[in-house]
1. Kindly work out what percent of the DSSP beta bridges joining two residues of the chain are antiparallel, to the nearest 5.
2. Over 24 Å between Cα atoms, which of LYS6/LYS53; LYS5/LYS90; LYS178/LYS233; LYS90/LYS265 qualify?
3. Gain in length, ALA173 to ASN256, computed as 0.36 nm per residue apart minus the alpha-carbon separation, to one decimal in nm?
4. Once you have the Cα-Cα distance between SER266 and SER198, take 0.36 nm times their residue separation minus that, and quote the gain in nm to one decimal.
5. Whole-Å semi-axes of segment 85-232's equivalent ellipsoid, largest first, each the root of 5 times a Cα gyration tensor eigenvalue?
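Derivation of every value follows stated rules applied to the coordinates shown; laboratory data play no part. Just so we're clear, the structure is a prediction, and the values are computed from it rather than from any experiment.
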Amino acid sequence: MAVMKKFFKMHGLGNDFVILDCRDGSNVSSVAAKEIANRRTGVGCDQLIILKKPHDNNDIFLEFRNNDGSHSSACGNGTRCVAGMILEEKSQEEIKIETEAGILNAWKSKTNGFVSVDMGRPKFIWNEIPLANNIDHKEVDLGKDSPVNAFCLSMGNPHAVLFLEDLDGLDIAILGPKLENHPIFPEKANISFAKINSKSQIKMRTWERGAGITMACGTGACAVVVAANELLKTDKKCEVILDGGKLNICLSNEGNVFLEGPTEKSFNGFLGQRLSDLIT
């Protein structure tokens with residue numbers, strides 16, 4: 001019988017996470033992740049974040065699981081949530097976070113208290129997004145189910161951005177899974193629907209790969225601003241309005257994407273015996 005495992009519950013604009021500290025060497029299987037993320041019989045979350053010992057001189061290693069148990073290489077809001085925890089734990093002004101997508105720097109603003117993460121540089125090459133074929137990533141035809149062609153890129157995970165004149169009446173619950181599973185995406189994709197309000201503001205909604213509709217998506221917000229800027233629709237600094245609130249995205253002249261916004265601790269507790277026994 002395993003010792004009951006402590007967890008932390010956090011969210012960034014309603015995009016919610018269960019955080020497990022596995023720096024003791026314990027492992028969380030896909031089955032365990034799916035059970036913990038279940039909103040009826042587990043704790044419930046959009047994504048599960050597993051803290052592990054880092055390599056080299058980094059401060060923490062993050063492993064991400066979607067609520068269906070599948071792996072994800074990146075999670076913007078989740079990274080910001082954990083960054084706030086680790087910054088406080090280590091009493092540092094800046095930390096280095098190791099993920100499958102690369103090393104990310106994070107810090108807390110001294111003016112508004114928001115946590116910022118340098119999400120690195122987007123990838124546009126077809127087999128790095130990845131796409132199934134070598135086609136123009138700015139005009140990807142997703143077939144009859146898609147109202148427009150998509151701008152595709154990677155922010156550590158695959159994204160497809162659809163720019164529309166109106167987001168009202170869009171049935172994302174029907175459209176999202178069809179586009180997520182389109183054969184052009186060998187690893188599936190996050191699908192973002194965006195409306196340009198001005199050169200400095202975008203409204204968006206996202207269907208997240210392996211999670212469904214979420215109130216906010218950090219890498220999705222990054223992808224939308226990158227796509228809009230590449231198409232000369234917006235400036236390098238944008239406010240992104242999501243169902244759960246606002247994120248600030250800034251693109252550096254070197255091509256890095258900075259993600260900033262609020263985070264909040266909801267509660268912490270211990271997994272019940274059934275769920276704790278799933279962690280080995």
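1. Taking every DSSP beta bridge within the chain, about 80 percent pair in antiparallel fashion.
2. Violating the 24 Å limit, Cα to Cα: LYS178/LYS233.
3. Working: separation 83, 0.36 × 83 = 29.88 nm, distance 3.16 nm.
Net length gain for the segment: 26.7 nm.
4. Using 0.36 nm per residue and subtracting the Cα-Cα distance, I get 21.1 nm.
5. Taking √(5λ) for each Cα gyration eigenvalue gives 28, 18, 14 Å.
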